[in-house]
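This report concerns only the one structure given below.
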Amino acid sequence: MPEVRDRTKSQLDLALRTLLREKAPDQIRVRELTELCGIRRQSFYYHFTDVYDLFAWSVEQERAALAARQENCLTWQQAFQDLLRCISANQDYCLSIRKALGRPGLQRMFGGAITRLLEQTSVYYRCRCGGEALSSGQGACLETMFLGLLDGWLCGDLRQSPEALTACMEESVQQRALGAMWQNFPRWRQPE
């Protein structure tokens with residue numbers, strides 16, 4: 001029985017994504033979803049209370065899939081490019097999330113990936129150049145900046161390819177790491 005439930009939920013998710021290309025979540029009706037899936041309305045209500053409940057479940061499924069995919073990335077650059085490709089492949093869906101839930105919705109979907117990305121980057125450059133771990137305030141600031149960058153890329157304000165944007169981020173991160181290295185240079189020098 002769990003397979004049928006999962007299949008029904010997946011069908012409803014696919015129908016939702018199809019309709020989101022044309023409409024906002026508040027304009028989608030249960031009848032439209034069930035007709036696209038070829039199921040009865042009772043089946044919808046067995047799984048979800050309303051379209052927003054399905055939408056929330058769908059966002060959570062996408063977030064979990066992204067987190068699982070990100071686990072396979074060896075470097076922060078790979079993780080960042082994967083995140084950009086995910087957004088590009090699901091642009092209509094991500095724009096719907098942004099439109100319906102605002103930046104908090106994007107935060108909910110991409111926040112975990114951004115946090116892991118920042119942790120990977122911090123560890124990598126801390127090992128290379130020394131320096132301190134990110135404080136919670138610095139981490140929150142960087143997470144907000146990354147989210148703004150992803151938001152701009154999603155909306156088309158930034159037109160670079162994932163590779164070009166990654167190279168730009170790499171340069172910025174290296175500049176920060178270079179600053180950390182210079183800050184720590186006096187500690188590394190041996191007294192004469």
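Quick look at the values:
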quantity	calculated
Percent breakdown of C-alpha pair distances by 5 Å bin, ordered from the shortest bin, for region 1-125	2, 10, 20, 20, 16, 13, 9, 5, 3, 1, 0
Solvent-accessible surface (1.4 angstrom probe) belonging to GLU171, in square angstrom, nearest 10	120
With DNA, RNA and ligands ignored, accessible area of TYR46 (1.4 Å probe; Å², nearest 10)	140
Percent accessible area from carbon and sulfur atoms, region 1-90, protein chains only, probe 1.4 Å	48
Accessible area (Å², 1.4 Å probe, nearest 10) - THR121	20
For region 6-98, accessible area per residue (1.4 Å probe, heavy atoms of protein chains only), Å²	53
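The values are calculated or read from the model by the stated rules, or taken from the named source; none is laboratory data. No experiment lies behind these values; they were computed from the predicted model shown. Heads up: the accessible areas ignore ligands, DNA and RNA and are worked out on the full protein's heavy atoms, side chains in. Shrake-Rupley method; radii C 1.70, N 1.55, O 1.52, S 1.80 Å.
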